[in-house]
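One structure is given here, and the rest of the page talks about it.
The values are calculated or read from the model by the stated rules, or taken from the named source; none is laboratory data. None of the values given here were measured: they were computed from a predicted structure. Backbone-built Cβ (ideal geometry, glycine too); neighbour counts: all protein chains shown.
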């Protein structure tokens with residue numbers, strides 16, 4: 001299994017002038033217990049199923065396995081998912097050698113914009129653009145699996 005290491009931040013400024021790619025994402029969760037999540041998503045014209053393990057103490061690293069599947073299968077599996085759907089646009093923004101994935105949420109999570117940067121190591125240094133806000137790495141409220149259960153607009 002691959003290990004994913006990322007840091008997560010709220011967005012406080014205008015990142016849009018720096019966007020080089022954007023993709024609409026819709027996802028649901030077949031399982032969203034803290035020890036593991038299993039999600040299905042459409043990302044643009046592709047479909048995926050992803051299994052994630054529990055995070056480490058800092059919340060920055062956890063195991064992740066992902067496989068591309070047909071969009072029609074994602075649509076079928078979405079009918080089996082737990083209540084709540086995540087709908088967002090993901091923007092890619094380069095900053096130095098890294099690319100931030102900035103997620104702008106819709107529906108019951110309208111108004112929330114979160115940026116993630118994937119790292120090779122938790123202690124790797126990275127550029128922090130001016131539009132980056134406070135760090136929320138490890139804050140479970142900002143996990144997509146929790147936003148599905150406890151949407152941002154109801155906090």
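Things worth noting here:
- Looking only at the range 96-125, and only at residues there that are more than 28 Å from residue 155 (Cβ to Cβ) and in a strand (DSSP E or B), the one that is farthest from the chain's Cα centre (by Cα): 98
- Single residue of the range 111-155 satisfying the filter (modelled with pLDDT of 95 or more and out of contact with any strand residue (DSSP E or B) (no Cβ under 9 Å at 6 or more places or on another chain)) that is farthest from residue 55 (Cα to Cα): 130
- Residue count for the range 37-57, restricted to those that are out of contact with any helix residue (DSSP H, G or I) (no Cβ under 8 Å at 6 or more places or on another chain), under 21 Å from residue 74 (Cβ atoms) and surrounded by 14 or more Cβ atoms within 10 Å (Cβ to Cβ): 5
- Looking only at the range 126-146, and only at residues there that are part of a loop (DSSP other than H, G, I, E, B) and under 12 Å from the mean Cα position of the chain (by Cα), the one that is surrounded by the most Cβ atoms within 10 Å (Cβ to Cβ): 143
- Which listed residue, of 84, 96, is touching a helix residue (DSSP H, G or I) at 6+ places or on another chain (Cβ under 8 Å) and either free of Cβ contacts under 8 Å to residues at least 12 places away in the same chain or on the phi > 0 side of the Ramachandran plot (or both): 84
- Any hit, the range 68-91, residues being loosely packed, with under 13 Cβ neighbours inside 10 Å and closer than 25 Å to residue 155 by Cβ: yes
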